[in-house]
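> This is the structure, below, for whatever I ask next.
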Amino acid sequence: MDKNERHQAGGQSIVPPGSLLRLIKKPAGAVEWKKKIGRICRVGYYNKKDGLGIIWIVNQFGEYVEMIEQKDAGVYFEVVEFANERDFYGDNRPPLSRINEPSPEWQWSDK
């Protein structure tokens, strides 16, 4: 994920919250992710308990639905849009909202 080089923590690139990711490959054993290849999701705010090493995946409804290790993100996702968010934990930010009328590529969660 070479687009992520502007945010570093402990020598590791950090994808800012609100960034858009497209799934390009499913992790081994994640059978349910196969139908999600090509779909877009957002990076949620980081959790202080997990730290910056865990990316929380946010679906089109604004729900935190999946997580993946930061170090593996570049293997399975490509950055579609890199957010400029600086508050990585969302302490002073409203929750990520739902996407109104999402296109088919935004259909991360089936409901």
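> Which pairs turn up if I take residues in the stretch 75-102 that are surrounded by 14 or more Cβ atoms within 10 Å (Cβ to Cβ) and look for partners that are assigned to a helix (DSSP H, G or I) and among the charged types (D, E, K, R) with beta carbon separation below 7 Å, at least 6 apart in sequence or on another chain?
Between residues of the stretch 75-102 that are surrounded by 14 or more Cβ atoms within 10 Å (Cβ to Cβ) and residues that are assigned to a helix (DSSP H, G or I) and among the charged types (D, E, K, R), the close pairs are VAL79/LYS3; PHE82/LYS3.
> Kindly indicate the residue of the stretch 61-111 that is in contact with a strand residue (DSSP E or B) (Cβ under 8 Å, 6 or more places away or on another chain) and among the polar types (S, T, N, Q) and also farthest from GLU32 (Cα to Cα) among those meeting that condition.
GLN70
> Related question: Could you list, in sequence order, all residues of the stretch 31-55 that are surrounded by 14 or more Cβ atoms within 10 Å (Cβ to Cβ) and either in contact (Cβ under 8 Å) with a residue 60 or more places away in the chain or farther than 16 Å from GLY90 by Cα (or both)?
Across the stretch 31-55, the qualifying residues are TRP33, LYS36, ARG39, ILE40, CYS41.
> So, in the stretch 1-32, of the ones that are part of a loop (DSSP other than H, G, I, E, B) and at pLDDT below 85, which residue ends up nearest to GLU81 (Cα to Cα)? Break it down stepwise before answering.
Going residue by residue through the stretch 1-32, those that are part of a loop (DSSP other than H, G, I, E, B) are 1, 5-7, 10-11, 14-19, 24-30.
Now restrict to residues that are at pLDDT below 85: 1, 5-7, 10-11.
Numbers: MET1: 12, GLU5: 14, ARG6: 13, HIS7: 14, GLY10: 23, GLY11: 22 Å.
So the residue we want is MET1.
> While we're looking at this one, here's another question. State the number of residues belonging to the stretch 33-86 that are in a strand (DSSP E or B) and at negative phi. Spell out how you get there, then give the answer.
Going through the stretch 33-86, the residues in a strand (DSSP E or B) turn out to be 40-43, 47, 51, 54-58, 64-69, 77-81.
Then drop every residue that is not at negative phi, which leaves 40-43, 47, 54-58, 64-69, 77-81.
Going through the stretch 33-86 one residue at a time, the tally reaches 21.
The values are calculated or read from the model by the stated rules, or taken from the named source; none is laboratory data. Remember, it's a predicted structure, so these values are computed and weren't measured experimentally. Backbone-built Cβ (ideal geometry, glycine too); neighbour counts: all protein chains shown.
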